[in-house]
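Below is one structure, written out as structure tokens; the observations come after it.
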Amino acid sequence: VRATITPANEEPVSVTSGFEVKKRTVRAKGVTFEVPYGGAFTITSQDYDIIEGTDTSVDADTLKSWITGSPACDYGNGDVGTYPVTIGTLAVTGDHKDSVDFDYTEGSVTITPITAEISWNTSSFVYNGQQQKPAAVVTNLVSSDDQCTVDVAVDGDAINVGSYTATATGLSNTNYILGTNTTRPYTITAMDVRAYSVEVECGSKVYTGQG
């Protein structure tokens, strides 16, 4: 800035002074939210918040209008976990491009496991000399999953006639968690031998009157 000062009854004096125009700092943060496994979500151009500006005379909506683009989130196959919401293509553009420092803090999307709905196949067996137990299956698999095996344990040997309880103890797919219906009382009943034929071979003897 150059100014001319004319003191009373004196010659004009030119004075030069420099000054610095500081950029406005705009800080933003990506969204943070949870979605269940298999649920659909999309990161849009509005999925971030203005969290601070150096000039409070400019409201958040106005600051946001200076920014174009969209955040991004690479969540791979959509398995359970926490994924960063990165800056993506967000940037200050237009007339404000050279007068704003844009600072972005990552957000996050957390994909949470869903509760497996379990169905048991039977509650009764007939003795066969081997361990027997019900099988359980998950009935609410998301469309992209082929299977989720249920691990089943039993109390006792589960071989002989008696009453037992089968318990679901784990799942092969970590995108699911156990919920209710994790136990199944069942019985092993005696084999009905009348359903089987028995062949007996007898030789010939001469009666002697004695046993």
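The values are calculated or read from the model by the stated rules, or taken from the named source; none is laboratory data. Given the structure is predicted, the values throughout are model-derived calculations rather than measurements. Counting neighbours? That spans all protein chains shown, and the Cβs are built from the backbone with ideal geometry, glycine included. Calculation scope for accessible area: heavy atoms of the full protein, side chains included, ligands and nucleic acids excluded. Shrake-Rupley method; radii C 1.70, N 1.55, O 1.52, S 1.80 Å.
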Taking the range 92-112 and keeping residues assigned to a strand (DSSP E or B), surrounded by 14 or more Cβ atoms within 10 Å (Cβ to Cβ) and not hydroxyl-bearing (Ser, Thr, Tyr) leaves VAL92, VAL100, PHE102, GLY107, VAL109, ILE111
What is the one condition in (1) assigned to a strand (DSSP E or B); (2) open to solvent by 40 Å² or more (accessible area, probe 1.4 Å); (3) touching a residue at least 60 places away in the same chain (Cβ under 8 Å) that ASN128 does not satisfy? (1)
The residue from ALA3, ALA28, ALA8 that alone is part of a strand (DSSP E or B) and at pLDDT below 65 is ALA3
Scanning the range 135-165 for residues that are within 29 Å of ASP79 (Cα to Cα), of a type in the set (Gly, Ala, Ser) and part of a strand (DSSP E or B), the one least open to solvent (accessible area, probe 1.4 Å) turns out to be ALA136
If GLY88 passes every condition in (1) assigned to a strand (DSSP E or B); (2) in contact (Cβ under 8 Å) with a residue 24 or more places away in the chain; (3) farther than 30 Å from PRO185 by Cα but one, which one does it miss? (1)
Could you pull out the residue among ALA168, ALA158 that is among the aliphatic types (A, V, I, L, M) and either within 29 Å of ILE43 (Cβ to Cβ) or in contact with a Ser or Thr (Cβ under 7 Å, 6 or more places away or on another chain) (or both)? ALA168
Here are some residues: ASN121, ASN181, ASN175. Which one is in contact with a strand residue (DSSP E or B) (Cβ under 8 Å, 6 or more places away or on another chain), surrounded by 11 or more Cβ atoms within 10 Å (Cβ to Cβ) and modelled with pLDDT under 95? ASN181
